[in-house]
Structures are given as C-alpha cells and as structure tokens.
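The values are calculated or read from the model by the stated rules, or taken from the named source; none is laboratory data. In this text the structure is predicted, and so the values were computed from the model without any measurement. Ideal geometry is used to build each Cβ from the backbone, glycine not excepted, and the neighbour counts take in all protein chains shown.
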Amino acid sequence: MADVKFTLDPKNPPKLSSETRARLDAKTDVEITRAAESDPDNPPLTKEEFQRIDTVRAVRAARAAADLTQPEFAMAYGLTVGRLRDLEQGRTSADTAMLYLLRQIMKDPAKAKREVAELLHA
C-alpha cells in the first residue's frame, strides 16, 4: 500500500459536505471526546504534554519580549543554551521558579536582566 501524502493549500481549504457537517454538528462533547480517546493515531494530550506546551509558549513570549537570540537570552538571564532549547522545544517543562522568571522577563526584560545579574554577582 502506497503512502498517501496530503498538502494543505491555505487558499483552498477542504470543504465538508452538508451531510458530513450535519453529522459532526450532531455529536455531543462526550462523543467527540470518546472518539478522540479511541484514535490510536492521535491520542489526547496528557497533563505533562499540556504543561510542556505552556512552557514553550511562555519561553517564546519572554524571548520575544526581550528581543534576544537564544544564546543572548540564556546569557542575560543565567541559563544554559541547552536548557533554554529544551524548554523552547518542549522537551522539558518549566518549574515554578522558571515560570516566575519568564513572567518577570515578559513584564520588564531590562529589569529582570538587572536583577538576575545582581543575583549572579552577589
């Protein structure tokens, strides 16, 4: 059996037939959840996977707020580049202290940088 490849054309997304749309609209949330849970190719995300997704979003938002490359961000905020990449690529989750640091960076990157520098050189 040959692999079938599908490339989505954003300018021409696939359309559901009126029958398919009606069938999907008739499903309850419980039925949708049950169907998703029984799909071996697309199991629901675990709590840990959701936490890693939240971490990725927080790290990327903080880095965007600071407007720094990964190496610059890691150096500025006392992280290793490897740890930052693990967080940003969803390989690990952030602990409470890391989430707090990211939140402070998003609020005021320069202030957070100064405070981290003070801690590191104390």
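Looking across region 1-51, the residues that are more than 30 Å from Asp86 (Cβ to Cβ), charged (D, E, K, R) and surrounded by 10 or more Cβ atoms within 10 Å (Cβ to Cβ) come down to Arg21, Arg23, Lys27, Glu31, Arg34. Number of residues in region 89-112 that are out of contact with any helix residue (DSSP H, G or I) (no Cβ under 6 Å at 6 or more places or on another chain) and not aliphatic (A, V, I, L, M) equals 9. Sub-6 Å Cβ pairs linking a first residue in region 19-47 that is at negative phi to a second residue that is assigned to a loop (DSSP other than H, G, I, E, B), at least 6 apart or interchain, are Ala36/Pro44; Glu37/Pro44, ordered by first then second residue.
Filtered by the rule that a residue be more than 14 Å from Arg52 (Cβ to Cβ), surrounded by 14 or more Cβ atoms within 10 Å (Cβ to Cβ) and among the hydroxyl-bearing types (Ser, Thr, Tyr), region 75-109 gives a lone residue, Tyr77. Looking only at residues in region 61-102 that are β-branched (Val, Ile, Thr) and part of a helix (DSSP H, G or I), the one that is modelled with the highest pLDDT is Val81.
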